[in-house]
Amino acid sequence: MTTLLTPFGYALSIGTTSIGILPQNPSRKAVMFFNASANTIAICPTLTTSGAALPAAINGPGSINILNGGLLILPQQGWPVETGVGAAFNAIASGPTSALTVWEF
């Protein structure tokens, strides 16, 4: 049992180069990404199933776009209870200094 209270919050500024935004955490139960900017932000896990690096890309393979004011919650309602979201994540924005809020549970 942990004494740490969640969620943990991250206030990030995302640019036009793919960067790591959330480290690996095998204990993570859920994560929320909120795009607080006027730009599109793309999110993806840092690795493919073969272990190759996966950079985030707007409209790119492996990435999910979050439009301005949009929210991405993982896991989604209806997913199996044992679904894990412990992977590290990357992000990129369609414009500079794009605000991204992350809540980790």
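Is it the case, given these coordinates, that residue 50 is of a type in the set (S, T, N, Q), without any contact (Cβ under 8 Å) to a residue 60 or more places away in the chain and more than 21 Å from residue 104 (Cβ to Cβ)? Yes; evaluated as a whole, the condition is true for this residue.
Every residue, every condition in (1) outside any loop (DSSP other than H, G, I, E, B); (2) surrounded by fewer than 13 Cβ atoms within 10 Å (Cβ to Cβ), yes or no:
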| site | (1), (2) |
| --- | --- |
| 10 | yes, no |
| 24 | no, no |
| 57 | no, no |
| 78 | no, yes |
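Does the range 80-105 hold any residues that are part of a strand (DSSP E or B) and under 19 Å from residue 15 (Cα atoms), and which are they? Listed by number, the residues that qualify are 89, 90, 91, 92, 93, 98, 99, 100, 101, 102.
Any read-out appearing in this document is the output of simple, stated calculations on the displayed coordinates, not a laboratory observation. Just so it is clear, the model here is predicted, and its values are computed rather than measured. Glycine gets a Cβ as well: all are built from the backbone with ideal geometry, and neighbour counts include every protein chain shown.
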